[in-house]
1. Return the pair list, or none, for Cβ contacts closer than 8 Å from residues in the range 344-373 that are hydrophobic (A, V, I, L, M, F, W, C) to residues that are in a loop (DSSP other than H, G, I, E, B), at least 6 apart or on different chains.
2. Can you work out which of the residues in the range 81-100 that are of a type in the set (S, T, N, Q) and surrounded by 14 or more Cβ atoms within 10 Å (Cβ to Cβ) is farthest from SER140 (Cα to Cα)?
3. Can we say MET93 is in contact (Cβ under 8 Å) with a residue 60 or more places away in the chain and not β-branched (Val, Ile, Thr)?
4. Could you check, for the range 222-231, whether at least one of its residues is in contact with a Ser or Thr (Cβ under 7 Å, 6 or more places away or on another chain), within 13 Å of the ligand (Cβ to nearest atom) and closer than 29 Å to MET102 by Cα?
5. In this structure, does LYS273 turn out to be of a type in the set (Lys, Arg) and over 30 Å from LEU50 (Cβ atoms)?
6. In the range 212-221, what count of residues is obtained for those that are within 8 Å of the ligand (Cβ to nearest atom), more than 14 Å from VAL254 (Cα to Cα) and out of contact with any Phe, Trp or Tyr (no Cβ under 9 Å at 6 or more places or on another chain)?
7. Taking interchain pairs and intrachain pairs at least six residues apart, which have beta carbon atoms under 6 angstrom, with the first residue in the range 230-242 and within 18 Å of LYS253 (Cβ to Cβ) and the second outside any helix (DSSP H, G or I)?
8. Take the range 185-211 and flag every residue that is within 16 Å of the ligand (Cβ to nearest atom) and part of a helix (DSSP H, G or I).
Amino acid sequence: MAEPLVGLEDVVITNSTICFIDGEKGILQYRGYPANELAEKSNYEEVAYLLIYGHLPNPSEFNAFKTELRNHRALSPDFLKAVTSLPRGGNAMARLRTLVSMLEAYDPQAEDISEAANLRHTIQLTAKLATVAAAMERISKGQPVIVPDPALDHSANFLYMLTGKKPDETSRRAMDIALILQADHELNASTFAGRVTVSTMSDMYSAVVSAIGTLKGPLHGGANKAVMEMLEAIGSIENVEPYMKAQLAAKKKVMGFGHRVYTTLDPRAEILKVMAEKLSKSVGPATWYDMSIKVQSIMLKEKNINANLDFYSASVYHYLAIEKDLFPVIFAVSRVVGWCTHFMEQYKNNRLIRPMTNYVGPKNLSFVPMEKR
Ligand code: COA
């Protein structure tokens with residue numbers, strides 16, 4: 001038996017045409033297009049089309065897709081009633097995971113895993129997750145649910161449904177860039193979890209539930225919330241240095257730093273850093289951004305470990321007046337399109353994903369009756 005590949009580092013399990021990462025050069029591409037160029041020149045809806053269909057849409061393809069996405073945003077009154085039955089508060093990712101299970105119960109075609117049905121599920125889930133997230137957040141706070149506005153794009157509408165206010169262009173753009181940058185990331189832990197679910201020929205909803213449960217952890221999508229908790233615990237520029245010294249002396253991990261694939265700066269972090277700086281000036285206060293810069297420079301100096309996507313997304317969301325419990329939910333609202341695209345790819349060329357353990361426990365023991373133990 002070979003030595004176990006703990007953490008499956010560097011293990012390649014499939015060919016894929018969705019996402020390319022060169023961790024040494026800091027390159028990230030969706031369907032061959034650099035993510036930073038998409039963040040600069042495109043928008044989330046177009047990137048969703050690109051991921052799903054594998055090419056950039058022409059104007060009529062894009063208009064039809066936008067209409068389809070926007071038509072799928074609404075939630076039925078019955079579903080919304082079910083959302084109100086959830087306990088208020090508690091972990092937002094746990095609520096989102098439960099609500100995606102509930103969405104499945106309201107879709108009579110949920111278990112259809114034909115190619116056409118999976119494409120439909122992908123578009124529906126991409127459209128609906130934002131509405132579910134916003135509705136569950138408002139209901140949890142005792143606020144009325146905001147009906148989606150088809151005149152607004154995905155990011156503007158998401159912010160509108162969360163806050164009840166139409167966002168200004170800076171906020172809309174910040175959310176759009178964050179959603180673009182989180183839309184896919186090759187075989188990260190949550191995508192892998194979902195592909196494993198699909199490999200048993202289970203359905204798309206079940207795979208998204210697996211993925212949300214996996215994204216929730218602080219080593220993955222829960223890191224952005226943990227970053228905010230850290231910034232709040234630091235509290236002031238003066239406290240950055242003593243806090244970080246104590247953290248590193250105790251050999252604690254600093255959230256929002258390090259990556260399994262990138263050995264250089266996560267290209268997504270650089271873009272969100274610029275966005276956070278812009279918002280620190282237009283929205284303020286600058287403290288959150290200034291603290292982040294100092295934390296990053298200490299991590300580089302002391303550990304030579306750079307920031308990842310989650311580090312600056314925390315201050316971006318905070319400047320957008322979003323509560324920290326919702327940060328990983330926003331990640332899921334964006335990543336759902338990447339997940340589903342990977343699931344469709346898995347269905348098309350499926351083989352059950354079933355690795356092994358190297359058993360190191362005792363063997364061939366004889367059963368001892370209870371009275372003799
Ligand atoms: N803070 C401090 N040290 C860190 C670190 C961090 N955020 N990330 C990695 N390291 C150190 C580890 O302590 C370890 O050092 P050692 O070899 O001296 O023990 C080394 O770097 C390798 O870390 P490891 O956890 O084994 O790498 P990994 O590839 O298994 O994990 C992450 C990758 C992302 C899970 C890890 O970097 C991490 O926990 N980061 C914080 C959580 C986070 O931001 N997650 C979001 C990822 S996008």
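1. Note: pairs meeting the criteria are LEU352/THR200; ILE353/ILE13.
2. Looking only at the range 81-100, we keep the residues that are of a type in the set (S, T, N, Q), and these are 84-85, 91, 98.
Those still in the list that are surrounded by 14 or more Cβ atoms within 10 Å (Cβ to Cβ) too: 91, 98.
Details: ASN91: 11, THR98: 14 Å.
Result: THR98.
3. Spelling it out, MET93 is indeed in contact (Cβ under 8 Å) with a residue 60 or more places away in the chain and not β-branched (Val, Ile, Thr).
4. Yes, the range 222-231 contains at least one residue that is in contact with a Ser or Thr (Cβ under 7 Å, 6 or more places away or on another chain), within 13 Å of the ligand (Cβ to nearest atom) and closer than 29 Å to MET102 by Cα.
5. Numbers: of a type in the set (Lys, Arg): yes; over 30 Å from LEU50 (Cβ atoms): no.
So LYS273 does not fit the description; no.
6. Number satisfying all stated conditions: 0.
7. Once the first residue is within 18 Å of LYS253 (Cβ to Cβ) and sits in the range 230-242, its partners that are outside any helix (DSSP H, G or I) give MET230/MET255.
8. Taking the range 185-211 as the starting set, the residues that turn out to be within 16 Å of the ligand (Cβ to nearest atom) are 185-193, 211.
Matches in the range 185-211: ALA189, SER190, THR191, PHE192, ALA193, ALA211.
The values are calculated or read from the model by the stated rules, or taken from the named source; none is laboratory data. Because the structure is predicted, anything quoted here is derived from the model rather than measured. All Cβ positions, even for glycine, are placed from backbone atoms using ideal geometry, and neighbour counts span all protein chains on display.
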